[in-house]
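Nothing in this text is a laboratory measurement; each read-out follows from the coordinates by a stated rule. Predicted, not measured: the structure shown is a model, and the values here were computed from it. Positions of Cβ are backbone-derived with ideal geometry, glycine not excepted, and every protein chain shown enters the neighbour counts.
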């Protein structure tokens, strides 16, 4: 359903289990960044009322998820800590900046939507792995619930790319982006971070 062309290395969940604090801290900041991105899209594209409404809902949901992850940290006697860099997200952004679509507003819009959709898709895939493979039963349930909302967000962003990306072949752009992300994943899945 997600269209991802390379699955996460199955050994990733064993890496995560060695440092639950790290994955939870990283996850919390991923939720906060997703909320910030939704706010940014509202500010940039106020002319699309349906997008504003959808991004408002996503922002609220992502911040609720942030609170849930923060609560999970506190339950375990852990602290939030400082934000981590996310090289995966940076690599995705760099790829999109190099494309021809950045020369017109519709192309820039599509890139923003594809960027968000890809992050949601990979996060959803990672949440699914955690919900099925992690030995911590509490975290299995936790990630199962979160996985479903990430899948909804992914389809929301792709839907807006197709709706408002006039003159852009969104399906071809998404296919190219999926191919790039698959090549990128050869370097990831080796750290106890949500995308690392």
**Study point:** 0 to 90° range, to nearest 10: angle between helix 87-97 axis and the chain longest Cα axis
**Key:** 0 degrees
Practice item. With everything on Cα atoms, drop me the angle between helix 20-44 and the longest principal axis of the chain, reported from 0 to 90° to the nearest 10. Key: 20 degrees
Review point. Can you sort 89, 168 by how many other beta carbons sit within 10 Å, fewest first?
Key: 89, 168
Exercise for review: Provide the gained length on full extension for the span residue 163 to residue 141, in nm with one decimal, where the gain is 0.36 nm per separating residue minus the Cα-Cα distance.
Suggested key: 4.5 nm
Check your understanding: What is the helix-to-structure angle for 137-164, meaning the angle in degrees between its Cα long axis and the longest Cα principal axis of the chain, kept from 0 to 90 and rounded to the nearest 10?
Key -> 0 degrees
Point to revise | Whole-number percent relative contact order across the chain, with pairs defined as alpha carbons under 8 Å at least 6 apart | key: 34 percent
Check your understanding: At what distance in angstrom do the alpha carbon centres of region 128-191 and region 61-75 lie from each other?
Key -> 20 Å
Check your understanding: What span do the alpha-carbon atoms of region 37-196 cover on each of the three principal axes, reported in whole Å from largest to smallest?
Key -> 50, 36, 27
Check your understanding: Most exposed first by the Cβ proxy, i.e. fewest other Cβ within 10 Å, how do 108, 170 rank?
Key -> 108, 170
Check your understanding: Which order results if 44, 156, 193 are arranged by neighbouring Cβ count within 10 Å, fewest first?
Key -> 44, 156, 193
